[in-house]
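Here's the structure we're looking at; comments come further down.
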Amino acid sequence: MLRRILSVMSRDFKSGIRDFMVVYILIAPFLLAFILRALIPSVSSTTINIAVLETMDQDMISYLESYSYVETFSNRDQIIDRIGKTDDIYGLIRTDTGYEVINQGNEAGEGIELIKYIVNARGNETTQLPVIVKVSDIGWQLSPLKQYGANFLIVFGSVFGSMIILLSIVEEKMSNTLSAINVAPIAKFEFVIGKGLLGFIIPVIGTIGTLIILGFTQINFGMTILTVLCISLISVVIGFSIGVVSTEPIGAIAGMKMIFLPIMASVFGGIFLADKWQFLLYWSPFYWAFRSIDSIILQTANWNGILLNSFFIIILTSFVFFLLKNRIKHGLN
Amino acid sequence: MITVKNLYHSYTKDDRYAVKNVTFEIEKGEVFGFLGPSGAGKSTTQGILTGLLQLQQGEVNVVGYDMRKPSREMFNKIGVSFEQSNVYNKLSALENLEFYKKLFDVPTLDPMFLLKIAGLDHVANKKTSEFSKGMKHRLTFVRSMLNNPEAWFLDEPTTGLDPAIASQIKDIIKEKNQAGTTVFLSTHNMYVADELCHRVAFIIDGEIKLVDSPRNLKLQYGEKLVGVEYKLGDELKKESFSLIDEMDRLKLNDIINNGNIELMHTKEATLEEIFIKVTGRGLQYNETSI
């Protein structure tokens, strides 16, 4: 049984990698992850770097280090040489009347103003403010673009595997090879599992690659894989149901696009809807996947929560499967 | 080997039957021809016998398996070659056969050996998308031999092939049959049926009109005539003589002894002529109402 299942899977993979469209689908998650990483503000662009003289007051250096990355140099010329390098770094030198900020002129953002605020703030530490300022944390632990971008890529990437299933079924229909399969000693369930496996393997590989590219190496990969396997199930079911009624690849992919709507609705609804309206998304398996991935990325997930969300995904997918079961069965004959 | 009793099949699930009350038996080692025009019910019958179509009514037993509950294991014992070639175009010929080979639970023939007998060994590693129609057809044909089947279902095995390739295919069928394979051959080609089949069934409008051996049919329906072209002086004469009529026999004897015979042939009926006589229709007739 396993031999036949693996034969179907390896045939689909072999056939798939000879198709430009399938190769693109395979590398798409990684490409998108690289693009997202390029868009996420990097550490160097959100941290201010300051070059100071070794002779600067040690308290002042410690103070600056609480806001920035500080490098020390023995003389002004060395500071100027350092500023002349390609990265963004400002010089800060004590003068008789205060501080001198040296910059190259092509630095990004409002670095000089920020340094002025930092230096002035130290001078005004003892000043009594006319207002009471309270600082609170609203819970952002990551760049929202990184947090939700990665989540979206993972949920969206679950569709990529099913696209390969879809294309392989269309190929079978176009070449009428389903008839030949139907007179071979392979059970229907073996054929379906063999065809469906790539729909799980590709999203799992894509997800792990995406997370590594985006720097999420400390998260719980076990929970992640479980969630991706669950959400891939709905994509696989829909991939089969569209594949068996499609007669050519472009039309099949166009049909598959309908799955993008619930994905978008689930992810963006999950981000922007107030808690009291979130129940509007409970019908979508992608919403539960979004919630699981969000907590995994934020490292607040626990197995109970992940298993509960996975349970909801499987229940909803089962419902969709029973609706489409006959259509799939009939289409594979 | 194959038993069919009172088989009915309707695509519309009503009384518009594509196959009606079809009954026949095929013995082990026999080549059985299903002869009829397009739309007569040949492919429907073959579809039911190979499990591609669900058995609706009647009894069908193939290589010991009841087709009411077709078993996956049955496909280890049968081979099916389709009229339309159906191969994976992105795979090479060898990869196609190797893929199907892995699906069987029984010993299989070497794919390279099969490619060789199909004359495709020189293009074994070429993608089949680059194959001609005939090459794809030959690949589909030899694929059905992979498991060395006990019962071999062939649907129009020579249709669309050039005569040399068709002759090769017929030789392979004869060879396999001599080795003990039972063959169910659906065709509208009377010459193929005449050459290969031990018995033929004439099917039209979903009903079997007659089952017999080509020889018996020719004896039963053919006229015992001999056609002769001979020279009488400078004149070329063309006449037919009955082998039953005494006068004709004497005249034929006289021509043989004294005449200058240029051509002489028996005028036995062809299967097509018999088919027309029995069914009132030609084998090229296209039925579109089913």
Requested in this report: Taking amide H positions as placed in the peptide plane 1.01 Å from N, state which residues far from B:Q57 in sequence (5 or more) or on other chains have amide H under 5 Å from it.
Outcome: B:Y8
Query raised in the report: Per residue of B:100-113, what is the mean number of Cβ atoms on other protein chains within 10 angstrom of that residue's Cβ?
Result: 3
Query raised in the report: Hey, what do the phi angles of the stretch B:2-9 turn into as Karplus ³J(HN,Hα) couplings, whole Hz, using 6.51/-1.76/1.60 and θ = phi - 60°, x for Gly and Pro?
Result: 9, 10, 10, 10, 6, 7, 10, 8
Report task. Whole number in Å², please: accessible area per residue of chain A, 1.4 Å probe, ligands, DNA and RNA not counted. Result -> 52
Report summary line: At the level of C-alpha centres, the distance separating the stretch A:50-82 and the stretch A:228-271, in angstrom, is 56
Report summary line: For the stretch A:118-219, listing chymotrypsin sites (Phe, Trp or Tyr not before Pro) in a DSSP loop whose Cβ sees at most 13 other Cβ atoms within 10 Å gives A:W140
Report task. Give the Rg/Rh ratio for chain A, taking Rg as the radius of gyration of the Cα atoms and Rh as the Kirkwood radius, to two decimals. Result -> 1.16
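Averaged over its residues, how many other protein chain Cβ atoms are within 10 Å of peptide B:142-148's Cβ atoms?
Averaged over the peptide's residues, the number is 1.
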Requested in this report: Report, to the nearest 10°, how far helix A:221-243 tilts away from the longest principal axis of the Cα atoms in chain A, using its own Cα long axis and a range of 0 to 90°.
Outcome: 40
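Please compute the average number of Cβ atoms from other chains found within 10 Å of each residue's Cβ in peptide A:183-191.
Mean partner shielding for this stretch: 6.
Within the stretch A:245-302, report the chymotrypsin sites (Phe, Trp or Tyr not before Pro) that DSSP leaves as loop and that have at most 16 other Cβ atoms within 10 Å.
On the way: sites: A:F260, A:F268, A:F272, A:W277, A:F279, A:Y282, A:W283, A:F286, A:Y287, A:W288, A:F290; in loops: A:Y282, A:W283.
The qualifying sites are A:Y282, A:W283.
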Query raised in the report: Hey, which of these cross-link pairs are over 18 Å Cα-Cα: A:K14/B:K77; B:K218/B:K277; B:K42/B:K209; B:K224/B:K277?
Result: A:K14/B:K77
Requested in this report: List the residues whose amide H sits under 5 Å from the amide H of A:F73, counting only those 5 or more places along or on another chain, with H placed 1.01 Å from N in the peptide plane.
Outcome: A:V52, A:L53, A:E54
Query raised in the report: Per-residue ellipticity at 222 nm for the protein assembly as shown, helices alone: DSSP H runs ≥ 4 residues times -39500 (n - 2.57), over residue total, nearest 500 deg cm²/dmol?
Result: -15500 deg cm²/dmol
Query - Amide hydrogen neighbours beyond the local backbone of B:D245, cut-off 5 Å, H modeled - result: none
Query raised in the report: What are the GluC sites (Glu not before Pro) within the stretch B:1-75 that DSSP puts in a loop, where the Cβ has at most 11 other Cβ atoms within 10 Å?
Result: B:E27
Report summary line: Straight-line reach check, B:K101, cutoff 19 Å on alpha carbons, 8 or more apart in-chain or any other chain, hits among aspartates and glutamates -> A:D12, A:E172, A:E190, B:E73, B:D110, B:D121, B:E150
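When Rg is the radius of gyration of the Cα atoms in the stretch A:44-123 and Rh is its Kirkwood radius, what does Rg/Rh come to?
On the way: Rg = 11.5 Å, Rh = 12.6 Å.
Result: Rg/Rh = 0.91.
Highest mean first, how do A:95-106, B:234-245 rank when packing is the count of other Cβ atoms within 10 Å averaged over residues?
Top of the packing list down: B:234-245, A:95-106.
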Query raised in the report: How big is D for chain B, in µm² s⁻¹ as a whole number, if Stokes-Einstein is applied with the Kirkwood radius of its Cα pairs at 25 °C and 0.890 mPa s?
Result: 116
Query raised in the report: From Cα coordinates alone, what are the radius of gyration and Dmax values for the protein assembly as shown in angstrom?
Result: 39.1, 147
Query - the stretch B:7-22 and the stretch B:96-161: distance between their alpha carbon centers, rounded to Å - result: 33
**Report entry** Degrees between helix A:20-39 axis and first principal axis of chain A (Cα, 0 to 90, nearest 10)
**Finding:** 20
**Report entry** Angle between chain A longest axis and helix A:144-175 axis [Cα atoms, degrees, rounded to 10]
**Finding:** 20
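The values are calculated or read from the model by the stated rules, or taken from the named source; none is laboratory data. Everything numeric in this text was worked out from a predicted model, so none of it was measured. Please note: Cβ atoms are built from the backbone with ideal geometry, for glycine as well, and neighbour counts cover all protein chains shown. These accessible areas exclude ligands, DNA and RNA; they are computed on the full protein's heavy atoms, side chains included. Shrake-Rupley method; radii C 1.70, N 1.55, O 1.52, S 1.80 Å.
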